[in-house]
Amino acid sequence: MFSINRVIIEESKIQHNIELIKSKLNKVEGKEPIIIAVLKGNAYGIGYETMLQKLLENGINHFAVSKVSEAIDIRNLGNNNPILVLNATAIYDEATLIAQNNLTATVGSIESLRMLQKAAEENNKTIDIHLKIDTGFSRFGFDYEKLTDEFIKEIKAELEKCDRLNLVGTYTHFIEAYANDDKTTKLQFDRFINVLARLKQNGINSGITHCANSSAFFKYPMMQLDAVRIGSAFSGRLQIKEKTGLHRVGYLESEICEIREIQKDRKIGYSGTYTLKRDSKVAIVEAGYSDGIFVSGPKDSARAIDKLRALKKAVAGLFKDGNRYVVINDKIVPILGRVGMNNFMVDVTDIDCNVGDKVKIDVNLVFTNQKIERIMN
C-alpha cells in the first residue's frame, strides 16, 4: 500500500551507540561480557533487518526477544545465531516451535523443563535453556524465596533426566533499574548472586549469568556479570536521568499535503480546541496518531504518581494544544489543535514551504506504525 510516510533510521547514530556501549563493557581478566542484543518489538521499532545488519557488522551475534513469534521472524531472515526467548513457557505448541527453530528457551518452572524435554524428544532436537530466577519482578522464573536446597536438588534431578536440554545460562530481570532509588535493584542483585552461589553449591553449573538490562548497564557497571542484555540503549532512548552519551535514533518523515490561508479567530481541528491568534498560513501534514505521533507507552519503572503524570501527559499530547513542534525545511514550527488519526496542522506563517515538502517528526519508534517502511539513512 502506497504511503508518503517513512521512518528514517540514521545509521551513523546506531553505529555511535553500538561503539559507546562496547566501550563501557567491564573487562575482568581480559574477558568482556557478552552483549545479548534484545530485539523485541521489531528491534524497538528500528526494524529487525536493519538492526541485525548493524549488530552483526559490529561482532554482536547473541540475540533475545520476548516471544517465540519474534524469534521466528528473525530466523526467517536467515539468521542462525543464538536467540533467547525471554518469555518462559510450558505451552506445548510454543515448546515445539522452540525445538523446531533451534531457539534458546527460558525456563522458570519444573513444568517448563518437562514440556521442553518432550518437544525436544519428539523433534529429535537438543534445546539450549536459560534458568530464570524471579528476584522480585514476580512474572517469570523460579521464586528466589522458594529456592531452598531441597528444591534446588529437585531441579537438578529434573535437569539430569532432561537429556535433551542443555543448560547454558541463568538470569534475572530488574523491576526498577530505571528508578532514581537504587535500593530495590541492589537488593535484587544480591538475591541473584546468593541464588547463583547456592546453585553452585548444589552442583548446578549456571552457565553464563546476566541481569543488567540497558538502564542497569549504564547505572551499575558492577552488575554486568558474564553477559548484558541491551535493547533500548541501541535506540538511544533510555528512561534514566543519567547522561549516557547515546544518540536518539530515528524519526518519522511525512509531507505537507495542502497549504491554506486561514483568518484570525478561526477554530482549528477537532472540537475547535485552538483558535488562531492571527491571520495564518496553515499546512496540513498527512500523518497522525495512527502513525504513532505523540503516542507513548507506560514507563517500565515508575511510582504510581509518575504513571499518572505520564498518562496525563500522553492524553494532553493528543487532546490539548501547545509545546508540540515539527521541523520543516530546518525550521521548527508549532502544531495547531488536536492531532487527528491521519492528519494534523502546523503554523507555517513565518517560513517558506510548499506542498510536498518533508516534515520531520520526533516519535517513539516502538509505537510508530510497524507497517511504515524503515529507511536506513
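Read-outs: derived from the displayed coordinates by stated rules, not from any lab. The model shown is predicted, which means the values in this text are computed figures rather than measured ones. Cβ atoms come from the backbone with ideal geometry, glycine included; neighbour counts cover every protein chain shown.
Details
- Scalar couplings 3J(HN,Hα) for region 270-284, obtained by applying the Karplus form with A = 6.51, B = -1.76, C = 1.60 to θ = phi - 60°, are 3, 6, x, 6, 10, 10, 4, 9, 7, 4, 9, 9, 10, 9, 9 Hz; x denotes Gly and Pro.
- In this structure, the amide hydrogen of Glu255, modeled 1.01 Å from its nitrogen in the peptide plane, lies closer than 5 angstrom to those of Glu286, Val359, counting only residues at least 5 positions away or on a different chain.
- In sequence order, calculated HN-Hα J values of region 363-377 (Karplus, 6.51, -1.76, 1.60; Hz; x Gly/Pro): 9, 7, 4, 4, 9, 7, 2, 6, 7, 6, 4, 9, 10, 7, 10
- Overall, the chain carries a charge dipole of about 1000 debye about its Cα centre when +1 sits on the Cβ of Lys and Arg and -1 on the Cβ of Asp and Glu, all other atoms neutral.
- Taking amide H positions as modeled 1.01 Å from N, with prolines and chain starts lacking one, no residue 5 or more places away or on another chain lies under 5 Å from Ala179.
- Within a straight-line Cα-Cα reach of under 21 Å, Lys67 can be paired with the following lysines, leaving aside sequence neighbours fewer than 8 residues apart in one chain: Lys40, Lys118, Lys125, Lys132, Lys299, Lys371.
- Relative counts (whole %) of C-alpha pair distances in region 10-235, using bins that are 5 Å wide: 1, 7, 15, 18, 19, 17, 13, 7, 2, 0, 0
- Whole-Hz ³J(HN,Hα) from phi, Karplus 6.51 cos²θ - 1.76 cosθ + 1.60, for region 147-164, glycine and proline x: 7, 6, 4, 5, 5, 4, 5, 5, 5, 4, 4, 5, 4, 5, 6, 8, 6, 9
- Positive-end ranking of Asn194, Val249, Gly340 along the dipole of the chain, with charges on Cβ about the Cα centre, is headed by Gly340.
- Region 1-105 shape via C-alpha gyration tensor axes, a/c threshold 1.5: oblate
- Pair Asn81, Glu57: separation of 7 Å Cα→Cβ label points (nm): 1.3
- Pairwise centroid distance, computed over Cα atoms, of region 348-377 with region 55-117, Å: 35
- Label-point separation, Lys156 to Asp73 (7 Å along Cα→Cβ), nm: 4.1
- Mean Cβ count within 10 Å, highest first, over the residues of peptides 163-170, 119-126: 163-170, 119-126
- Amide H within-cut-off set for Asn343, under 5 Å, with H built and near neighbours excluded: Ala287, Tyr289
- Between Ile332 and Glu242, the distance separating the two model label sites (each 7 Å from Cα on the Cα→Cβ line) works out to 2.9 nm.
- Within straight-line cross-link reach of Lys281, lysines at Cα separation under 29 Å, skipping those fewer than 8 residues along the same chain: Lys264, Lys267, Lys313, Lys320, Lys331, Lys358, Lys360
- Antiparallel %, DSSP beta bridges [both residues in the chain], to 5: 50
- Structural descriptor for the chain: relative contact order 19 percent, calculated from alpha carbon pairs under 8 angstrom and at least 6 residues apart.
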